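In what follows, a structure is listed as structure tokens, so that the remarks can point back to it.
The values are calculated or read from the model by the stated rules, or taken from the named source; none is laboratory data. Keep in mind it's a predicted model, so treat the numbers as computed, not measured. Neighbour counts are summed over all protein chains in view; Cβ atoms, including those assigned to glycine, are modelled from backbone coordinates with ideal geometry.
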Amino acid sequence: MSLTYETIKQQAAQAAEELVEVAKLVKGDIFVVGCSSSEVMGMHIGKASDINAAGAIYEGVMSVLEPKGIFLAAQCCEHLNRAVIVEKEALLPGTEIVNVVPHPKAGGSFATTVYQNAKCPVAVEEIKADAGMDIGDTFIGMQLKKVAVPVRISVKNIGEAHLTCARTRPKFIGGSRAMYDEALSGGDIPR
């Protein structure tokens, strides 16, 4: 299969759809994406940012998230200390924002695309997302809630970039006598 922006868009949409379903995301949840558009296009991370590939991924992911009312958060690259671009509406009251506007060479093409398309974009130093996709080994773990659970989906790559996914669940506390709410755990009840 030849690599086209339409193929990238379709892969991103399919991956997002599968992860949203497995993670049981609902309106108001946060879905974080770390994305190397360079890796998507078969180049080394940080070396060949591609705004069109980022746009294709954005369109694919948003085609799934927007109708469900799920917020998209974009992790920036290391040049912005992995700050996150998100809709202001997604933040808890009192969340401190930082002042930065991403661009392809500082923040990355995907974060730039999210910023340019958001209704009221803000940058924060960190977020606690409910699930996420890591496109091109950008390491989104720091942006997920404390208990991240790997999710295996049918999509293994977006373009040429390796894809990993995760969902989160609340921490289990207590001991051998504790009881847990299976609906909160995603089926991971310790036995």
Answer yes if at least one residue in the range 181-190 is more than 21 Å from Arg82 (Cβ to Cβ), polar (S, T, N, Q) and either in contact (Cβ under 8 Å) with a residue 60 or more places away in the chain or surrounded by 15 or more Cβ atoms within 10 Å (Cβ to Cβ) (or both), and no otherwise.
yes
If the Cβ limit is 7 Å and pairs must be 6+ apart or interchain, which residue in the range 137-153 that is touching a residue at least 60 places away in the same chain (Cβ under 8 Å) and surrounded by 15 or more Cβ atoms within 10 Å (Cβ to Cβ) pairs with which residue that is assigned to a strand (DSSP E or B) and of a type in the set (Ser, Thr, Tyr)?
Leu144/Thr168
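So that you can scan it fast, the table gives a plain yes or no per residue for (1) within 12 Å of Val114 (Cα to Cα); (2) touching a Ser or Thr at 6+ places or on another chain (Cβ under 9 Å):
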| position | (1), (2) |
| --- | --- |
| Leu3 | no, no |
| Gly28 | no, no |
| Phe31 | no, no |
| Ala53 | no, yes |
| Ile57 | yes, yes |
| Ile85 | yes, yes |
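Any chance the range 110-121 includes a residue that's touching a Pro at 6+ places or on another chain (Cβ under 8 Å), part of a strand (DSSP E or B) and of a type in the set (Val, Ile, Thr)?
Here is the first cut: in the range 110-121, the residues touching a Pro at 6+ places or on another chain (Cβ under 8 Å) are 111-112, 114-115.
Subset that is part of a strand (DSSP E or B): none.
No: zero hits.
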Listed residues Ile97, Ile8; which is out of contact with any Ser or Thr (no Cβ under 7 Å at 6 or more places or on another chain) and under 24 Å from Arg167 (Cβ atoms)?
Ile8
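Going through the range 154-167 one residue at a time, which ones are surrounded by 17 or more Cβ atoms within 10 Å (Cβ to Cβ) and free of Cβ contacts under 8 Å to residues at least 60 places away in the same chain? Spell out the reasoning first.
Just the residues of the range 154-167 that are surrounded by 17 or more Cβ atoms within 10 Å (Cβ to Cβ), to begin with: 155, 158-159, 161, 163-167.
Residues satisfying the conditions are Thr164, Ala166.
Quick check: anything in the range 101-112 surrounded by 15 or more Cβ atoms within 10 Å (Cβ to Cβ) and under 13 Å from the mean Cα position of the chain (by Cα)? Before the answer, list the steps.
Within the range 101-112, the subset surrounded by 15 or more Cβ atoms within 10 Å (Cβ to Cβ) is 102-104, 106-112.
Next, only the ones that are under 13 Å from the mean Cα position of the chain (by Cα) stay: 110-111.
Yes, because at least one residue in the range 101-112 is surrounded by 15 or more Cβ atoms within 10 Å (Cβ to Cβ) and under 13 Å from the mean Cα position of the chain (by Cα).
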Result of the Cβ filter at 7 Å on the range 115-133, keeping first residues that are over 18 Å from Arg82 (Cα atoms) and among the polar types (S, T, N, Q) and partners that are buried (at least 18 other Cβ atoms within 10 Å of the Cβ) and modelled with pLDDT of 95 or more, at least 6 apart or interchain, is Asn117/Tyr58
